[in-house]
């Protein structure tokens, strides 16, 4: 990293500077023009997230719902800055889908979900996605790419859901005695 003083960085209109000297917590890291150490800032954010992840997720989801244009622009900018990451992410997603598509699947039953998603996107002017009810890459359980694990939902709702799966949502579908306390 290039050593630059706060004063010089400010004069050049840079958002950060690097002195090469440790902060009060011994991080040798870039600092914001405000003077805050970036490593300290990240550690604080990480601690706050770990203390209450649901609060953090709620704030993120609220911001995304209230600022869809800003989020879309930010995502586009990220994709432009990191094309290799985007290609790798897409390849991993395709591979996961292939690994979770059983040989006996009836592709003719899957196709209508994608047709419906496209049609609803055109009709309503809002992006619709085909969602896997049980995520393909879930932490608790991984689902299959089959027709009875698919549903169509609005893109923002699907994106905010991530790979979350709560089995208690589907307890009514379990056989009697499956989940007894």
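The values are calculated or read from the model by the stated rules, or taken from the named source; none is laboratory data. Computed from a prediction, not measured in an experiment: that's the story for all the values here. Heads up, the Cβs are rebuilt from the backbone with ideal geometry, glycines too, and the neighbour counts pull from every protein chain shown.
Quick check on the range 32-47. Is at least one of its residues more than 30 Å from residue 162 (Cβ to Cβ) and surrounded by 13 or more Cβ atoms within 10 Å (Cβ to Cβ)? Within the range 32-47, one or more residues are more than 30 Å from residue 162 (Cβ to Cβ) and surrounded by 13 or more Cβ atoms within 10 Å (Cβ to Cβ).
Give the residue, chosen from 168, 127, that is modelled with pLDDT of 90 or more, surrounded by fewer than 17 Cβ atoms within 10 Å (Cβ to Cβ) and closer than 25 Å to residue 58 by Cβ. Break it down stepwise before answering.
On the way: 168 fails: modelled with pLDDT of 90 or more.
After applying the criteria, what remains is 127.
Answer yes or no as to whether residue 90 is modelled with pLDDT of 90 or more and surrounded by fewer than 13 Cβ atoms within 10 Å (Cβ to Cβ). Please lay out each step first, then the result.
Working: modelled with pLDDT of 90 or more: no; surrounded by fewer than 13 Cβ atoms within 10 Å (Cβ to Cβ): yes.
Judged against the criteria, residue 90 is not a match.
Need at least 2 residues that are over 30 Å from residue 156 (Cβ atoms) per element, so show me which helices (runs of 4 or more DSSP H) inside the range 3-71 make the cut, counting only ones lying wholly within it. Break it down stepwise before answering.
Details: elements: 6-12, 38-51, 53-66.
Counting at least 2 such residues, we get 6-12, 38-51.
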